[in-house]
Each structure stands twice: as structure tokens, then as C-alpha cells.
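Heads up: the structure comes next, in C-alpha cells.
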Amino acid sequence: LVFRKKILRYQKSTMSSYAVSESIFIDTVTGSETIKSYSKEKLFTSIIKKVYTNFQDNLFELNTFKVKVSLVLDVIGTLLIISIFSFSINKYIYQEITIGELVSILQVSLILQPSLLQIFVSNTQVQE
């Protein structure tokens, strides 16, 4: 929803940097004899280190954003439950509903809250 473009951008960046790091690693392993014959081990070590560090940085950014999204969704869920509680208790205080209706409203809202949060993120799954 709101985070869809950012999540897709982070995922794309992470997956492309992963592909580059795997490609570099495989190319280096298959060409290790050539690299040794030209004494370029240090050069390829530094290249691999830079590429893999880039991949790790992208993965860290994706996971950091994932934590931020989770925090926002938890805050939304908490505010939703608080508003339902406040509304229901207000109705009970002014005797518009009975205690049984209050309890049932609170139970149903607590049962449905995780499902509602899943609906919020159902369009964009954060995949690694």
C-alpha cells in the first residue's frame, strides 16, 4: 500500500546486488588459475569484498525498512484496539450497551485485529 514502492525498490536492489556478488564469486572460483598466474589475488579479493559489502548493506537496508513497516503496522493496530475499547466503554458507561455486548465487542475486535493487519500488508509481502 503506502510502502509498496519503497519495499519493491529495496527488494530489487538487494536481489540485484546478490546476483552480482554470486556472479563475481563464481567467476573468481572458475578463473582462479588465471588469477593466480597473473598474481592478481589482491585485486580480486578487494573487488569481491566491495561487491559483497554492497550486498550486505542492501540487505541491511531492506531489513531495517521491514522493521520500520512492522512498527508502523503495530502502532496502527494498537490505535485501532484503543479506539474500539474507548468507543465500546463509552457506550457501556452511557448504558447504550450491556456488559455482555461490551465483552463480545472487545473479544471480536481482539480476534480480528491480526487479520486486519494482514490485510493491510497483503498486497506487498516483504520477501528476502
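The values are calculated or read from the model by the stated rules, or taken from the named source; none is laboratory data. Nothing here was measured: the structure is a model prediction, and the numbers come from that model. Because the Cβ atoms are built from the backbone with ideal geometry, glycine has one as well, and the counts that use them run over all protein chains shown. To get the accessible areas, we keep the full protein, side chains included, count just its heavy atoms, and leave off ligands, DNA and RNA. Shrake-Rupley method; radii C 1.70, N 1.55, O 1.52, S 1.80 Å.
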Test of understanding: among LEU102, LEU79, which residue is assigned to a helix (DSSP H, G or I), free of Cβ contacts under 8 Å to residues at least 12 places away in the same chain and under 28 Å from ILE119 (Cα atoms)? LEU79
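Here are ILE89, ILE97, ILE119, ILE111: which of them is open to solvent by less than 60 Å² (accessible area, probe 1.4 Å) and either in a helix (DSSP H, G or I) or free of Cβ contacts under 8 Å to residues at least 40 places away in the same chain (or both)? First the steps, then the outcome.
Details: ILE89 fails: open to solvent by less than 60 Å² (accessible area, probe 1.4 Å); ILE119 fails: open to solvent by less than 60 Å² (accessible area, probe 1.4 Å); ILE111 fails: open to solvent by less than 60 Å² (accessible area, probe 1.4 Å).
Being open to solvent by less than 60 Å² (accessible area, probe 1.4 Å) and either in a helix (DSSP H, G or I) or free of Cβ contacts under 8 Å to residues at least 40 places away in the same chain (or both) holds for just one of ILE89, ILE97, ILE119, ILE111, which is ILE97.
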When you check VAL69 against the structure, is it surrounded by 15 or more Cβ atoms within 10 Å (Cβ to Cβ), at pLDDT below 90, among the aliphatic types (A, V, I, L, M) and in a helix (DSSP H, G or I), yes or no? yes
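Working only within region 7-58, note down all residues that are hydrophobic (A, V, I, L, M, F, W, C) and farther than 30 Å from SER70 by Cβ.
Residues of region 7-58 that are hydrophobic (A, V, I, L, M, F, W, C), as a first pass: 7-8, 15, 19-20, 24-26, 29, 35, 43-44, 47-48, 51, 55.
Scanning region 7-58 gives ILE24, PHE25, ILE26, VAL29, ILE35, LEU43, PHE44, ILE47, ILE48.
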If I ask for residues that are without any contact (Cβ under 8 Å) to a residue 24 or more places away in the chain and either of a type in the set (A, V, I, L, M) or at positive phi (or both), which ones from region 51-71 would you list? VAL67, LEU71
Counting just the residues of region 19-40 that are in a helix (DSSP H, G or I), open to solvent by less than 80 Å² (accessible area, probe 1.4 Å) and not polar (S, T, N, Q), which one comes out nearest to LEU117 (Cα to Cα)? ALA19
